[in-house]
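Below is one structure, written out as structure tokens; the observations come after it.
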Amino acid sequence: MSVEAAQTDNTRSDTQVLIIGAGPAGLFAASELLRHGVRPRIIEQRRAPHRETRGTALQPAVLETLDRGGVVEPFLADSVRIKEVELLGPALQRIALIELAGLGCKYEFQCSQPQWRAETVLRDHLAGQGLQVEFGTEATSIEPDGGGVTVTLDKGGRKEVVRADYLIGAGGGHSVTRHSMQERLDGETYSGLFIVADIKLALPCPPGRGRVVVGPGGFVLISPLPEQRWLIFVNRDGDDKRAEPPSEAELAALLKARIGADVGLEDLRWVSYFQMHKRIAPTLAEGRRFLLGDAGHLSSPMGGEGINSALMDGADIAWKLALVLGGAAKASLLESYAIERGLADRHVLDVSNEVHGLVMKLVAMCAGGATRSLPPAQDPAEALSGLRKRAMLDVSYRGSPLVDPGSVAPGGRFADWSRLTGASHHLVVFGDAPRLDDFHPRWGDLVAVVDGRQAGLDPDRAGLPEGGVVLVRPDDFIGFRRASADEAVMKALDQHLATYLHPDFAAADSHFVQ
């Protein structure tokens, strides 16, 4: 066959899950699918991996997510740990010092590394399990129907038609998957034009500290990277977009103007203009198509949560797809993705917007000469609550159909998640629970039963000081929690599980069957 004929031939193939986009969201979704027993296919339009710094800081809650996924160690090894953030005003006058210690979680710090390095870690993890990213492969058309999605691929001039049971769109802000859903990103674009760069600085700074410097002309965000490098965000004057990013000399002059001192900028490795957004698609799913990461939402980098919400998107969809594809769950389980991640991603946008607004308010105060009117000290409880929000530890799925509304403080994360093993649901029991003999055969391997006290779990941290039961989902969020384990509670738990999981029908005569 000639080369020309090979390039025009259409091949056809099938896959359970096709992932479009090999950024953090797509890569981690693939990793989590593999962990749950599903082998996806992942394509990327770029011909090769990029070397752009982009999103860098991984929040404490997301480090827990990576830990559960079995990939946190290389992130811990390769990153700078940010343990505090300093807010400075004109003449580098301290406004506040925010310390991450005391968050009450396993990782009381952020991990910071270039996004290209984070993607390398995830690609290597996939490759170790025999899954390769297909670079240079573009999805040119997407046609859904009731039983799946047909996607036409262009692989350097060679066409391929793929029939997928489910499609994950993780291809960034210009997502072909989102366009196929006729969706848009609703919201706003912040005024102004901004610069992001990966540089070296001579400005002294204690290890593990990030900084935000505000002044009458704007702000500079300075975040540490490995190899004694820094990621900086800085606003530029005016709204006009220049064709070329600034030179090293131009960027050094801009930083000097913002900070009020020569910061010794050198070794400019990467620089780009960008705009800041607060946007989200009206729905993150339609039928068998799902939007992850920037394909579904864009937030201000001032909050440092964009890459983090993308990784959490991947974790949420993976366990649900795996259960449905394995026949263990009803297809309706997948409807919860858009609901839950919609709740969480909108919360992320609000938190990022809050941080963005605070910084711009301080800039305006400096411009007006009110440099001594610093924000008043917060109440310690309020400060901790705000810090947990920014660390993404307060994410809750309360209001989701997968969360029992009658539960004690429903929808949050299980504090002692790291003491649970395996990828299934867990039922943690504190005290006596009747009818466990019925529960075991009905739910089998879908729900692992754990005696909380024998496992050394703290009932106070579980939210059950007087005993009871708590259902921990595969993503370590709480779906059901009652301060009792009597027969009525166990029956309610069974009914809750049956709304989305298929019980073991071999036990059709179980006490719980209606």
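The values are calculated or read from the model by the stated rules, or taken from the named source; none is laboratory data. Nothing here was measured: the structure is a model prediction, and the numbers come from that model. Every residue, glycine among them, receives a Cβ derived from its backbone with ideal geometry; neighbour counts consider all protein chains shown.
Checked across the stretch 143-160, the condition of being touching a helix residue (DSSP H, G or I) at 6+ places or on another chain (Cβ under 6 Å), in contact (Cβ under 8 Å) with a residue 60 or more places away in the chain and either in a strand (DSSP E or B) or surrounded by fewer than 21 Cβ atoms within 10 Å (Cβ to Cβ) (or both) holds for at least one residue. Residue selection: LEU225 fails the criterion of being under 25 Å from ALA77 (Cα atoms) and out of contact with any Pro (no Cβ under 7 Å at 6 or more places or on another chain).
So, in the stretch 98-119, how many residues would count as being touching a helix residue (DSSP H, G or I) at 6+ places or on another chain (Cβ under 9 Å) and within 23 Å of HIS50 (Cβ to Cβ)?
9
Looking at this structure, is ALA370 assigned by TED's automatic domain parsing to the domain that holds GLY89, loosely packed, with under 13 Cβ neighbours inside 10 Å and more than 31 Å from the chain's Cα centre (by Cα)? For ALA370, the condition - assigned by TED's automatic domain parsing to the domain that holds GLY89, loosely packed, with under 13 Cβ neighbours inside 10 Å and more than 31 Å from the chain's Cα centre (by Cα) - is met. Looking at ASP404, ASP432, ASP438, ASP445, which is the one that is touching a residue at least 24 places away in the same chain (Cβ under 8 Å), farther than 20 Å from LEU464 by Cβ and not hydroxyl-bearing (Ser, Thr, Tyr)? Being touching a residue at least 24 places away in the same chain (Cβ under 8 Å), farther than 20 Å from LEU464 by Cβ and not hydroxyl-bearing (Ser, Thr, Tyr) holds for just one of ASP404, ASP432, ASP438, ASP445, which is ASP438.
Of all the criteria given as (1) out of contact with any Gly (no Cβ under 6 Å at 6 or more places or on another chain); (2) among the small types (Gly, Ala, Ser); (3) within 24 Å of ILE142 (Cβ to Cβ), the one not satisfied by GLY69 is (3).
Within the stretch 98-136, how many residues are among the β-branched types (Val, Ile, Thr) and more than 16 Å from PHE28 (Cβ to Cβ)?
Of the residues in the stretch 98-136, 1 are among the β-branched types (Val, Ile, Thr) and more than 16 Å from PHE28 (Cβ to Cβ).
For the stretch 388-438, filtered to residues that are assigned to a loop (DSSP other than H, G, I, E, B) and charged (D, E, K, R), the residue that is surrounded by the fewest Cβ atoms within 10 Å (Cβ to Cβ) is ASP432.
Per the listing LEU298, LEU284, the residue uniquely in contact with a helix residue (DSSP H, G or I) (Cβ under 6 Å, 6 or more places away or on another chain), under 30 Å from VAL149 (Cβ atoms) and in the same structural domain as SER180 (by TED's automatic domain parsing) is LEU284. Among the residues that make up the stretch 79-96, is at least one of them at negative phi and without any contact (Cβ under 8 Å) to a residue 40 or more places away in the chain? Taking every residue of the stretch 79-96 in turn, at least one turns out to be at negative phi and without any contact (Cβ under 8 Å) to a residue 40 or more places away in the chain.
Listed here are the residues, each with its yes/no results for (1) more than 22 Å from the chain's Cα centre (by Cα); (2) modelled with pLDDT of 95 or more; (3) of a type in the set (Lys, Arg).
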residue	(1), (2), (3)
VAL3	yes, no, no
GLN7	yes, no, no
PRO24	no, yes, no
LEU34	no, yes, no
GLY37	no, yes, no
ARG54	no, no, yes
VAL62	no, yes, no
GLY70	no, yes, no
ALA91	yes, no, no
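For the stretch 43-60, filtering for residues that are surrounded by 22 or more Cβ atoms within 10 Å (Cβ to Cβ) and either touching a Cys at 6+ places or on another chain (Cβ under 8 Å) or not acidic (Asp, Glu) (or both) leaves 8.
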